Amino acid sequence: MKNWVALAIGLACASTTPGAASASEQPVRSASALSQDEQDIYDAVLASWLEGEKGRQLINETLSPPPSTSDPEVGECAKGLDFPAPGQDQQTSKSLVGVRFKRGGIELIDGSQWRANDPGQGIASGKPVDAAVNEGISHSLISFSQIDFSRDKTKALVRFSMVCGSLCGSGSTLLLRKTDRHWAVANRCGGWIS
């Protein structure tokens, strides 16, 4: 998955002018409030996205609010599944601080302090497209939302994004299912690529 996105990003960066990327600052809460299922879901999404790639990966420690089934793309994807309306606990800021990921090389950072190694700028300064895109992706930032669980706790919705520059990134809302104590990505609900 990540390699396909790199190709699409390289094509987009080669034909566009980059702008400034920004991240917003939010108050965070300790990861001690995250359940084992939540931690396992974040691991499953990373495994699906990184497909066995090794190396360092930056992850935003702040979690955005959970996806909503009132979003048309998400609602269509979760059609027929029983997700409750967002509760008060989902409105509280949460953080990944303290989470121990199964994959090595994970570095949690304050996303508001992250600065892109924008492939578009590298291309504009004369770097070959492949080299500029690879440098951008090697410094990309992955961000997650909080998780919205179905009433029976066997399905979950989570937003995921990877950003490597102003016109360099992708994301979607993912539907995961739990079987035999393991979480796996079952469907992608909409998405974007830049």
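Do any residues in segment 27-56 that are at positive phi and at pLDDT below 90 have Cβ atoms under 9 Å from those of residues that are surrounded by fewer than 18 Cβ atoms within 10 Å (Cβ to Cβ) and hydroxyl-bearing (Ser, Thr, Tyr), where the two are at least six apart or on different chains, and which pairs are they?
So the pair list comes out as Gly55/Ser138.
Across segment 141-163, what is the number of residues that are farther than 14 Å from Glu38 by Cβ, within 9 Å of the chain's Cα centre (by Cα) and not hydrophobic (A, V, I, L, M, F, W, C)?
Residues in segment 141-163 being farther than 14 Å from Glu38 by Cβ, within 9 Å of the chain's Cα centre (by Cα) and not hydrophobic (A, V, I, L, M, F, W, C): 2 in total.
Output yes when any residue across segment 119-136 is crowded, with 17+ Cβ neighbours inside 10 Å and within 15 Å of the chain's Cα centre (by Cα), and no when none is.
no
Could you list all residues from segment 83-112 that are at pLDDT below 90 and polar (S, T, N, Q)?
Gln88, Gln90, Gln91, Thr92, Ser93
The values are calculated or read from the model by the stated rules, or taken from the named source; none is laboratory data. Predicted model only: the values in this text are computed from it and were never measured. Cβ sites come from the backbone with ideal geometry, for glycine too, and all protein chains shown count toward neighbours.
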